[in-house]
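**Q** The structure follows.
The values are calculated or read from the model by the stated rules, or taken from the named source; none is laboratory data. Predicted, not measured: the structure shown is a model, and the values here were computed from it. Neighbour counts run over all protein chains shown; Cβ positions are idealised from the backbone, glycine included.
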Amino acid sequence: MPRVVVNPERCKSCEICVHACPKECLKIGEETNASGYFVVRFESEERCTGCLICGEMCPDLALQVWK
C-alpha cells in the first residue's frame, strides 16, 4: 500500500500538495516545525493510489511517496 512521508522541517505549509491530491489524503496538521509552519499530515493510506502528484508539486521537496 502506498504511503507518503513528510519531512516536517522542509514543509512550509503552502498547501499545494493538499490541493493537488486527487484523493484528499493530505491535510494541514496542528503541529508546527522549528520554523513555525504547520506541517502537512498524511491521513489516508486506504485512499492513496501512489500517483506521486503531491511529491511532484511540492516546491520544497518535503514529500516522499513510497509505493
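**Q** Please go through (1) touching a residue at least 60 places away in the same chain (Cβ under 8 Å); (2) out of contact with any Pro (no Cβ under 9 Å at 6 or more places or on another chain); (3) not β-branched (Val, Ile, Thr) for ARG41 and return the number of the only condition it doesn't satisfy.
**A** Unmet condition: (1).
**Q** I would also like to ask the following. Kindly evaluate VAL65 against the criterion of being touching a Pro at 6+ places or on another chain (Cβ under 8 Å), surrounded by 17 or more Cβ atoms within 10 Å (Cβ to Cβ) and in contact (Cβ under 8 Å) with a residue 40 or more places away in the chain.
**A** So VAL65 passes the test.
**Q** Would you mind telling me which numbered condition in (1) modelled with pLDDT of 95 or more; (2) in a loop (DSSP other than H, G, I, E, B) MET1 fails?
**A** (1)
**Q** Could you tell me how many of the residues in segment 8-42 are surrounded by fewer than 15 Cβ atoms within 10 Å (Cβ to Cβ), under 11 Å from the mean Cα position of the chain (by Cα) and assigned to a loop (DSSP other than H, G, I, E, B)?
**A** 2
**Q** Being in contact with a strand residue (DSSP E or B) (Cβ under 7 Å, 6 or more places away or on another chain) and not small (Gly, Ala, Ser) narrows it down to one of LYS12, LYS27, LYS23, LYS67, so name that one.
**A** Result: LYS27 is the single residue among LYS12, LYS27, LYS23, LYS67 that is in contact with a strand residue (DSSP E or B) (Cβ under 7 Å, 6 or more places away or on another chain) and not small (Gly, Ala, Ser).
**Q** State yes or no: is THR49 polar (S, T, N, Q) and touching a Pro at 6+ places or on another chain (Cβ under 8 Å)?
**A** Working: polar (S, T, N, Q): yes; touching a Pro at 6+ places or on another chain (Cβ under 8 Å): yes.
For THR49, the condition - polar (S, T, N, Q) and touching a Pro at 6+ places or on another chain (Cβ under 8 Å) - is met.
**Q** With (1) surrounded by fewer than 17 Cβ atoms within 10 Å (Cβ to Cβ); (2) touching a Phe, Trp or Tyr at 6+ places or on another chain (Cβ under 7 Å); (3) free of Cβ contacts under 8 Å to residues at least 40 places away in the same chain as the list, and VAL5 as the residue in question, which single condition is left unmet?
**A** VAL5 satisfies all of (1) surrounded by fewer than 17 Cβ atoms within 10 Å (Cβ to Cβ); (2) touching a Phe, Trp or Tyr at 6+ places or on another chain (Cβ under 7 Å); (3) free of Cβ contacts under 8 Å to residues at least 40 places away in the same chain except (3).
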